[in-house]
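The values are calculated or read from the model by the stated rules, or taken from the named source; none is laboratory data. Owing to the predicted nature of the structure, the values given are computational and were not obtained by experimental measurement. Neighbour counts are summed over all protein chains in view; Cβ atoms, including those assigned to glycine, are modelled from backbone coordinates with ideal geometry. Accessible surface areas use protein heavy atoms only, side chains included; no ligands, DNA or RNA. Shrake-Rupley method; radii C 1.70, N 1.55, O 1.52, S 1.80 Å.
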Amino acid sequence: MSSEQQPSSAGSAAPRQEMLGAENYVQLVDIRKEYDGFVAVDEVNLAIRKGEIFALLGASGCGKSTLLRVLAGFEQPTRGEVKVDGQRMNGQPPYRRPINMMFQSYALFPHMSVEQNVAFGLKQDGMPAAQIKQKVDEMLGLVQMGAYAKRRPHQLSGGQQQRVALARSLAKGPKLLLLDEPMGALDKKLRSQMQLELVNIIERLGVTCAMVTHDQEEAMTMAHRIAIMDAGKIRQVGTPDEIYEQPNSRFTAGFIGQVNLFEGKIEDDEKDYISIRSPDLPAPLYVGHGVTGYEGMEVALAVRPEKILISKDEPEQPHNKAQGVIEEIAYLGSHSVYHVRLPSGKRVLANMTNVRRWASESFTWNDQAWLSWGDQSGVVLTS
Amino acid sequence: MSKGNSKLSLTLLAIGFVFLYAPILSLIIYSFNESRLVTVWAGFSLKWYGELFADSQIMSAAWVSIQIAFMTASLAVVLGTMAGLVMTRMRRFPGKTLFGGLITAPLVMPEVIIGLSILLLFVSLGDVIGIGSRRGMTTILIAHVTFCMAYVTVVVSSRLSEMDRSLEEAAMDLGANRVKVFFVITLPIIAPALISGWLLAFTLSLDDLVIASFVSGPSSTTLPMKVFSSVRLGVSPKINALATLMILVVSIGAVVAWWLMSRDEKRRQRDMQMALQKGD
Amino acid sequence: MNAVIGWLRQRLPGPRWLVIGVPFLWMLLFFAVPFAIALKISFSQALIAMPPYSPIVEWNDTALTLKLSFNNYLYLIRDNVYVSAYLSSLGIAVVSTAICLLIGYPMAYAIARMSPANRNICLMLVILPSWTSFLIRIYAWVGILKNNGLINNMLMGIGLIDEPLQILHTPLAVYVGIVYAYLPFMILPLYANLVKLDHRLLEAAYDLGAKPWQAFIKITLPLSRAGIIAGSMLVLIPVVGEFVIPEMLGGPDTLMIGKVLWGEFFNNRDWPVASAVAIVMLALLLIPIMIFHHHQSKELESKLS
């Protein structure tokens, strides 16, 4: 179950998590959603903390958007329970939930000015006009759009539209803010700037936020914690560094970033180390910590390309090394990716940061090269 | 963007337009003809217009038709919008297929069939509850709404299906219930489609001869019925004058609509340009 | 009191059912039920009375009798006039649909390939005539086609003919009228389809060595199938039952079923036979109408998803 996968992140998390509050502020319990026999969301259990930015990350069709729509109230779950701040949300229509959403297309009402858009939700609550005015000014000031209050949405650029959409969804002071692919409609250059700005505003208000994205960089930049979804199921929940450095399965390891997987069997299972024999390379694989396993167990060792060292001479360590031929070099500016073919036929990726403009030890196609990595660089995957 | 046309296809297009407009042009020209004989030009005259306005039968038939068309269009827009919502916004329900069939069938159904069968309904209703035996404007109105509604539904559904659904969801998310969402968000956004649906229903009703002939009573003669009975007796320049007036009204309406639309489009493009240049 | 309101709220239809129910009931009552009544009356017999047909369900003191008469249908089969009217209506409809397609396709194609500004003007020019009275546009052709009409005067004026050609009240005039009146209904769906055609597909075909006419036949034509079907149905089905055009432009020998039905109803006052004529026409048109409906709903669904 996914609740077991949640790491106890009290100590390991980023410092900004210190201000986070109640553990189970938003709760999804055994949520299942079916459409005509197709299971879009399958037994999902999630808990989002108060004040947290939580990202649902997955490829398109993985069920993340359905889950968001279940939270918003546009879809009723087939089974399971949604709770926000202790209140059961099931059966409540969207217009009675203390939840607001920023839509992927922003969904700004084209026949209303910026001001009227932001005021829309407040009007529905029957707030007095003077108070609405004050609140709208405050929200537009927050997103630095005060000067555009009288404009129509089509008179704004994409970035400006997003600010208005954010102000509109925050105006009612929702208990939970939902972001649906928040950067989906922006061009790449604007994205990184808006990502940080969005996080700043959300954190300043301390609003709890669930976002959906297919962009791992976006999830890692913006979210405190990420849930990786695939085929309607949650595969792993954790902080960005946990997800990247401690993937719990071959799937998450491969989903986030690039990874080399060495399949093999545990040869030596000790308390403080294990060694794995893999047909991919002649030297044994050595991991400097114990795992819950047994001798002969089928496992995989995942090693990220940037953790692999590439050298001309054979490294001195007796394990975690292999020799191969450089088949491809992709020069990416800040670093280069080397594709090395081992004698077993296994292809290994290794990154090398381009520290100097002209490296003294440079490799070219068809060069023999040694690959090696440290005892703590790999992660043992059992599933 | 323009993909370019060959001379051949432009020529074919031009011939097609000549075919479409030559008869209309001939109507207009001969409405100003002094002579009663349509084919002989005897000098410019407005006397047929004078006779047209003096013809109290045609005038009263025109008034009947305009009243019916106005009411038909208004009712058909209300019902057609509801049907459009059902077609585009509602999940499946028992009978939705039948509903869709009932809505699209009048688009192609021959008018004689619609006219005959709806008359038979009115007669049968007359047997049962005693209405319908007094046939007149009400029965024409009901019959016209029935077939005009289908056209309005097509226009409105098309606009509704192109509209961004998340606008409605956003309004609901911000606290407006379904009824309020419809009146505050959906309706203003599809308003242009409602206007063109209204105009379409108005002209369809104003133009109908066959259905009205079946269901009208002795006291209610519509303009097409009057025109039909008078042209059966032979060509009359008065009808040319009437036709010219109708064409004039429709053309002015079309040109105004086109001008409004293109002005709107230009402003929108200018705004977008501005936003892009100023954009951060 | 609250219990009553709660009960009412549960029992009364919500806004959803109101929105479905009102147009649904309207169409059932004024569109579907009338066909059922026409079907019923087609099994009764003509009477000189008001209404001029016999009831098919009768109370005879104690027994309920159902008197179904197939005479009207037998009459339709026996009398050659009806069979040949159906056949010639279908024939005229098919031929004029084909002519509309032949004229309309190049026009729609040319309009779809224009710049957006010109496109809108041309589209407006196609629609504009159909916003003016149908009856009056057909009437215009009377003035053009008749013996001392425009065409004959012109032809005699340039000395091509000595005596006026008989065009009005011939099948030719009916074809001209139908094609003229229904051409916009062919052009609009074709245009709507062709304007969506991705021009890069044609470029890809040229790039792979197809000549323009080959690319047209292999790419454009198959991809515009939906538009061809929609346009053809919009012309074919109503033309089968057309009344005004054969009445005004056709001669006494131009048999069309719409005219026959009109005559049975208004001149002979034989409502049961008129109903039977309508029911058979409907049966003939059922398949084309279903094709049209299927196509319409597919179009809407593709837009919605």
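One table, with the values for the structure above:
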{"quantity": "Segment A:258-381 - percent relative contact order, Cα under 8 Å, separation 6 or more", "calculated": "29"}
{"quantity": "Solvent exposure of chain B as accessible area per residue, Å², 1.4 Å probe", "calculated": "45"}
{"quantity": "Cβ-placed point charges (K, R +1; D, E -1), dipole of segment B:12-136 about Cα centre in debye, nearest 20", "calculated": "640"}
{"quantity": "C:Leu223-B:Glu51 pseudo-label distance in nm [points 7 Å out on the Cα-to-Cβ vector]", "calculated": "5.6"}
{"quantity": "Residues of type aspartates and glutamates that C:Lys303 reaches as a straight line, Cα spacing below 14 Å, ignoring anything fewer than 8 places off in the same chain", "calculated": "B:Glu162, B:Asp164"}
{"quantity": "Evaluated over the protein assembly as shown, the Cα radius of gyration and Dmax, each in Å", "calculated": "37.1, 117"}
{"quantity": "Charge dipole magnitude, Cβ of K and R +1, D and E -1 - the protein assembly as shown, Cα centre, debye nearest 20", "calculated": "2720"}
{"quantity": "Sequence ranges A:139-150, B:67-78, C:166-177, ranked by mean other-Cβ count within 10 angstrom, highest first", "calculated": "B:67-78, C:166-177, A:139-150"}
{"quantity": "Using a Förster distance of 56 Å, the FRET efficiency for B:Ser262-A:Gln92 (Cβ separation, nearest 0.05)", "calculated": "0.75"}
{"quantity": "DSSP loop GluC sites (Glu not before Pro) with at most 13 other Cβ within 10 Å: longest gap in chain A", "calculated": "A:24-269"}
{"quantity": "Dipole magnitude of segment A:128-278, debye to nearest 20 (Cβ charges: Lys/Arg +1, Asp/Glu -1, about Cα centre)", "calculated": "1280"}
{"quantity": "Karplus 3J(HN,Hα) series, Hz, for segment A:218-223 with 6.51 cos²θ - 1.76 cosθ + 1.60 (x for Gly, Pro)", "calculated": "4, 4, 6, 5, 8, 8"}
{"quantity": "Shielding by partners - mean other protein chain Cβ count within 10 Å, residues of A:98-107", "calculated": "4"}
{"quantity": "Spin-label pair C:Ser54/B:Ile15, simplified geometry with 7 Å Cα→Cβ offset, distance in nm", "calculated": "5.8"}
{"quantity": "Cα centroid of segment A:159-176 to Cα centroid of segment C:196-240, whole Å", "calculated": "46"}
{"quantity": "Order by protection proxy (mean Cβ within 10 Å, highest first), peptides A:331-338, C:158-165, C:282-289, C:20-27", "calculated": "C:20-27, C:282-289, A:331-338, C:158-165"}
{"quantity": "Net charge contributed by nearby residues that have their C-beta within less than 14 Å of B:Leu46 (K/R +1, D/E -1)", "calculated": "0"}
{"quantity": "Per-residue mean of C-beta atoms belonging to partner chains within 10 Å, peptide B:80-90", "calculated": "4"}
{"quantity": "Amide H partners (placed H, <5 Å) of A:Asp367, local residues excluded", "calculated": "A:Ile326"}
{"quantity": "Gaussian network model of chain C, Cα within-10 Å springs - most flexible of C:Ile245, C:Ile92, C:Ile77", "calculated": "C:Ile77"}
{"quantity": "Rg to Rh quotient for segment C:161-305, alpha carbon positions, Kirkwood Rh", "calculated": "1.13"}
{"quantity": "Residue among B:Val256, B:Val123, B:Val86 with the largest mean-square fluctuation in a Gaussian network model of chain B, springs linking Cα atoms under 10 Å", "calculated": "B:Val256"}
{"quantity": "For chain C, calculated [θ]222 nm from helices alone, where every DSSP H run of n ≥ 4 adds -39500 (n - 2.57)", "calculated": "-22000 deg cm²/dmol"}
{"quantity": "Length-normalised contact order for chain A - Cα pairs under 8 Å, 6+ apart - percent", "calculated": "15"}
{"quantity": "Mean separation of Cα contacts under 8 Å, 6 or more apart, over the residue count of chain C: relative contact order %", "calculated": "25"}
{"quantity": "Dimensions in Å of chain A - Rg and Dmax from alpha carbons", "calculated": "24.7, 77"}
{"quantity": "Pairwise burial C:B, computed as accessible area of each alone minus the pair, summed, 1.4 Å, Å²", "calculated": "8400"}
{"quantity": "Coil-residue trypsin sites (Lys or Arg not before Pro) of segment B:80-130, DSSP, other Cβ within 10 Å capped at 13", "calculated": "B:Arg91, B:Arg92"}
{"quantity": "Protection-proxy order for peptides B:54-66, A:155-167, each taking the mean of Cβ atoms within 10 Å per residue, highest first", "calculated": "A:155-167, B:54-66"}
{"quantity": "Qualifying lysines (Cα of each under 25 Å from Cα of B:Lys226; at least 8 residues distant if same chain)", "calculated": "B:Lys47, B:Lys238, C:Lys146, C:Lys259"}
{"quantity": "Sparse-neighbourhood loop sites, trypsin sites (Lys or Arg not before Pro) in segment A:240-275 - DSSP loop, at most 14 other Cβ within 10 angstrom", "calculated": "A:Lys271"}
{"quantity": "Residues A:Glu316 and C:Phe216, FRET efficiency given R0 of 60 Å [Cβ-Cβ distance, rounded to 0.05]", "calculated": "0.25"}
{"quantity": "Proportion of all alpha-carbon pairs of segment C:73-218 beyond 29 Å (%)", "calculated": "41"}
{"quantity": "Part-to-part distance (alpha-carbon centres) for segment C:106-135 and segment C:148-165, which is given in Å", "calculated": "32"}
{"quantity": "Of the GluC sites (Glu not before Pro) in segment B:124-226, those whose Cβ has at most 12 other Cβ within 10 Å and which sit in DSSP loop", "calculated": "none"}
{"quantity": "Average beta carbon contacts from partner chains per residue of C:292-301, 10 Å cutoff", "calculated": "5"}
{"quantity": "Cross-link partners of A:Lys135 among lysines (Cα-Cα below 22 Å; sequence separation of 8 or more within a chain)", "calculated": "A:Lys123, A:Lys150, A:Lys172, A:Lys175"}
